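The block underneath contains the structure these notes are about, expressed in structure tokens.
The values are calculated or read from the model by the stated rules, or taken from the named source; none is laboratory data. Note that this is a predicted model, so its numbers are computed, not measured. With ideal geometry, Cβ positions are generated from the backbone for all residues, glycine too; neighbour counts draw on all protein chains shown. These area figures cover heavy atoms from the full protein model, side chains too; ligands, DNA and RNA do not enter into them. Shrake-Rupley method; radii C 1.70, N 1.55, O 1.52, S 1.80 Å.
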Amino acid sequence: MAAVRDPEATKARIFAAATAEFAAHGIAGARVDRIAREAKANKQLIYAYFGDKAELFSQVLQQALLQLASAVPVDADDPDCYVDRLMEYHRAHPELVRLLLWEGLEYGNGEIPHEAERRARYDDKAEAFAAAQEKGRVDRELPPRHLLFMISALAGWATAVPQFRRLLVGGDEDDLAGLRESVRTAAGRITRPAGERAPGPGGATDRAGGREPSGDR
């Protein structure tokens, strides 16, 4: 009796194998035969499902971004905790940042596949920060899109360049924990409304939540 084909299970194996392959080698360096071998799938079946290697990469990245959105929903009302959860997610799933870096190398500043869909998801996240600003939960001085960009960068950079993090900050668990706390503090300071910032000596505060520069007055 012939085995029953399960297209969804096959696609899941292809996505898993392709994620590892693209994260390691990028679009140009990835090989569909290796993906097929790891996924225990027919190479021609991969082309039938996804068309070509670039489209497979795009769908792999889309899936990885959806998994991030599901695991770490945007929390604009609590940005310092949100950035902390993002850092932990990237640490556990470094392939996402690597896929984004490969995408940047491949497309540069040009249009990416399925750009409108990606932009719409980022619009939704930026809108969450705009809503938090309207509610007074987040400082209004910086545009919400800039805040989202900065928080995303703060959360992902340690995973994007682990060698830089290790050389500058250190490579053990205590070093990473200290960095996460600093990033969380930084995210809180750039987003916290002025009235909620921690006072410095004498009760003076600056825009980052610390001391006001003394200087001559």
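By the helix-only formula, in which each DSSP H run with n ≥ 4 contributes -39500 (n - 2.57) and the sum is divided by residues, the chain has a 222 nm mean residue ellipticity of -22500 deg cm²/dmol. Put THR185, THR19, THR191 in order of accessible area, highest first, and with a 1.4 Å probe you get THR185, THR19, THR191.
Measure off, as a whole percent, the carbon and sulfur share of the 1.4 Å-probe accessible area of the chain, all protein chains present. About 53 percent, which is the carbon plus sulfur part of the accessible surface. Calculated accessible area for the chain comes out at 59 Å² per residue, all protein chains present (probe 1.4 Å; ligands, DNA, RNA ignored). Summarising the label geometry, the points placed 7 Å from Cα in the beta-carbon direction at ARG140 and GLU8 lie 4.7 nm from one another. With the cut-off at 1.5 for a/c, could you classify the range 34-88 from its C-alpha gyration tensor as rounded, prolate or oblate? Note, shape of the range 34-88 comes out prolate. Using R0 = 25 Å, the C-beta based FRET efficiency linking LEU100 and VAL169 works out to 0.70. Once the chain from TYR107 to ARG119 is taken as fully extended at 0.36 nm per residue, the excess over their C-alpha distance is 2.8 nm. Straight-line cross-link reach from LYS43 at under 23 Å between alpha-carbon atoms covers these lysines, not counting any fewer than eight positions away in the same chain: LYS11, LYS53. Over the chain, the hull volume per residue, using the convex hull of the C-alpha atoms, is 170 Å³.
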